[in-house]
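Novice: Take this structure first; my questions come after.
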Amino acid sequence: MSQLATHLPRAVPVDLRAWLAQAWDPELSLAAWRERLVDAGWATPAWPVAWHGRGLDDELAAVVEDELAAAGAVGAPPGFGRVVAAPTLLDRASDEQKRRHLRPIATGAEKWCELFSEPGSGSDLAGLTTTAEPRDGGWVASGRKAWATGAHLAAWALLLARTDWDVPKHKGLTMFLLPLERDGVTVLPVRLMNGALTHEVLLDAVALAPADVVGAPGEGWSVAQTTLAHERRLAAAHRAPAVAAGAGAGRAVREAAEEFARFSAVYAWIPDSRGRPDLLRERGRGARADAPTRQLIADALIHERVMTITAGRIATAGPQAVSPSLVKLASSRTARRAADAHAALTGADGLLAGERAQPALDVALAMHAASLIGGTDEIQRNIVAERVLGLPRERQADASAPFRDVPTNHTERSHGARAVPDA
Ligand SMILES: Cc1cc2nc3c(=O)[nH]c(=O)nc-3n(C[C@H](O)[C@H](O)[C@H](O)COP(=O)(O)OP(=O)(O)OC[C@H]3O[C@@H](n4cnc5c(N)ncnc54)[C@H](O)[C@@H]3O)c2cc1C
């Protein structure tokens, strides 16, 4: 059990243990067990009581995960849907959308992905050009989304698209809930340098209805900020991404292991992207590490500790008190320090691939993701400077003009920027 459990209210572990004693049956199908878990509110205990949860805070929710694991029971499904899409829906979606989507997310029946980034719009997310054009009371979307992690497993996506080219760039965006099975959606694989898989998603005249909109048309930027805040908080999460995959024999455990294997094939790089500071403790022991290397190891472990404490402050004080951007920065800084320490420990052998590959190589290739995913380090620093420290905003020549008039590096746009006159 987590150390936390020793000073947290006893009621949660006691109630849960009693419930597990009569409800956990490893011979159920995974789907049937998860329905039972969701009905009892233990799959997603941090969600509100009205929406399949128990309204627990993050610390108590972690105790629930530990208790499920201790009983050998299968817990909540891993993935973007439960940890990012669902919190976004809880914060911003209509009751109708919550009713439709939250339960299949909690049971793991429907996986989700995020369609924000584009080949020309990553940091400048508000400059995206995938367009949902109004038609017959709905919209028709066309464009190209990059970095769609897990899109091949997902049934649904959070899609950020431009619905109005005649207002400033942040004001013309709308967030949609897109079923990836819909006509006009094509998912294409992209292999990364560390062997990991991501996807591009092409949208060709995809029909969208008013019921697919999260919030109101034109509020997409603010809904996306909610999503990104949930994503950035995750950067420092230490827990295994699949919560309580179950232990021992039984159908539910077997099917959960298969689900976890599919998830791991997509997200196996995440621990490496965080620098694997956990390996440093063991690798640094003994005479192999010289004094400068031990210094690097200590430095990495200190940064890891600071990151954990910063993440803990968010868990207790809330994102209003501590910016998720600070956690994200602490996480990528830890990854870099840990990568340096791994490289020093491994020396030139760290360049070897194949059978003789060392953890240093996986870490060196994956750790760049920590400074990119969910918004780059530079963007986090801009956010902290402007929103936390209240420093003057970065000058943005394109923030107030209608987006149609903003010159970008997209040479062709079906909605066409007006020609910029020759100087
Ligand atoms: C492993 C991985 C998984 C991902 N998964 C997803 C996903 O599932 N869904 C999704 O939508 N996206 C995903 N992303 C994309 C991610 O959000 C983008 O990579 C990120 O926003 C950066 O955009 P970019 O790659 O276009 O870089 P760019 O925006 O082109 O940035 C290039 C460099 O310029 C710097 N820069 C840019 N603008 C500024 C500025 N104003 N001030 C200072 N510096 C600046 C950046 O910090 C960076 O160093 C993923 C990325 C990775 C690496």
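The values are calculated or read from the model by the stated rules, or taken from the named source; none is laboratory data. Values in this document were obtained by computation on a predicted structure and should not be read as measured data. With ideal geometry, Cβ positions are generated from the backbone for all residues, glycine too; neighbour counts draw on all protein chains shown. Heads up: the accessible areas ignore ligands, DNA and RNA and are worked out on the full protein's heavy atoms, side chains in. Shrake-Rupley method; radii C 1.70, N 1.55, O 1.52, S 1.80 Å.
Novice: Could you tell me the center-to-center distance, by alpha carbons, between the stretch 262-297 and the stretch 324-355 in angstrom?
Specialist: 7 Å
Novice: Then there is this: In a solvent-free Debye calculation with one equal scatterer on each Cα, what is log10 I(q)/I(0) for the stretch 322-370 at q = 0.24, 0.25 Å⁻¹, listed in the order of the q values?
Specialist: -0.80, -0.84
Novice: Using only C-alpha atoms and all pairs of different ones, pull out the Kirkwood radius for the chain in Å with one decimal.
Specialist: Its Kirkwood hydrodynamic radius stands at 23.2 Å.
Novice: I've got another one for you. What's the magnitude of the charge dipole for the stretch 143-240 around its Cα centre, counting Lys and Arg as +1 and Asp and Glu as -1 at the beta-carbon? Answer in Debye, nearest 20.
Specialist: 460 debye
Novice: Given axes a ≥ b ≥ c from the Cα gyration tensor, I'd like to know whether the stretch 324-416 is rounded (a/c under 1.5), prolate (a/b larger than b/c) or oblate.
Specialist: Since a/c reaches 1.5 but b/c is at least a/b, the shape of the stretch 324-416 is classed as oblate.
Novice: If you roll a 1.4 Å probe over the heavy atoms of the protein chains, what accessible area per residue do you get for the stretch 281-416, in Å²?
Specialist: About 59 Å² of surface per residue is accessible.
Novice: If you wrap a convex hull around the C-alpha atoms of the stretch 255-327 and split its volume per residue, what is the figure in Å³?
Specialist: Output value, Cα hull per residue: 143 Å³.
Novice: Within straight cross-link reach of LYS111, meaning Cα distance under 15 Å, which aspartates and glutamates are found once same-chain residues fewer than 8 apart are removed?
Specialist: GLU181, GLU258, GLU259
Novice: To continue, here is another question. Can you tell me the accessible area per residue over the stretch 1-120, all protein chains present, probe 1.4 angstrom, in square angstrom?
Specialist: Result: 41 Å² per residue.
Novice: On the accessible surface of the stretch 104-188, probed at 1.4 Å, how many percent belong to carbon and sulfur atoms?
Specialist: Roughly 48 percent of what the probe reaches on the stretch 104-188 is carbon or sulfur.
Novice: Quote the FRET efficiency, to the nearest 0.05, computed for ASP136 versus ILE309 with a Förster distance R0 of 60 Å and r equal to the Cβ-Cβ distance.
Specialist: So, using R0 = 60 Å, E works out to roughly 0.65.
Novice: Can you give me the convex hull volume of the Cα atoms of the stretch 60-152, divided per residue and expressed in Å³?
Specialist: 154 Å³
Novice: Apply the membrane-span-like helix rule to the chain: whole DSSP H runs, Cα extent along the own long axis of at least 30 Å, mean Kyte-Doolittle hydropathy at least -1.0. List the helices found.
Specialist: 291-317, 324-346
Novice: Quick one: dipole size for the chain, taken about the Cα centre, charges +1 on Lys/Arg Cβ and -1 on Asp/Glu Cβ, in debye to the nearest 20.
Specialist: In debye, rounded to 20, the chain gives about 800.
Novice: Compute a Gaussian network model of the chain, connecting alpha carbons closer than 10 Å, and tell me which residue from ALA235, ALA32, ALA148 fluctuates the most.
Specialist: ALA32
Novice: Continuing with this model, one more query. For TRP147, what accessible surface area do you get with a 1.4 Å probe? Give it in Å², rounded to 10.
Specialist: For TRP147, the solvent-accessible surface is approximately 140 Å².
Novice: Note down the accessible area of LYS169, probe 1.4 Å, to the nearest 10 Å².
Specialist: Its heavy atoms expose roughly 10 Å² to the probe.
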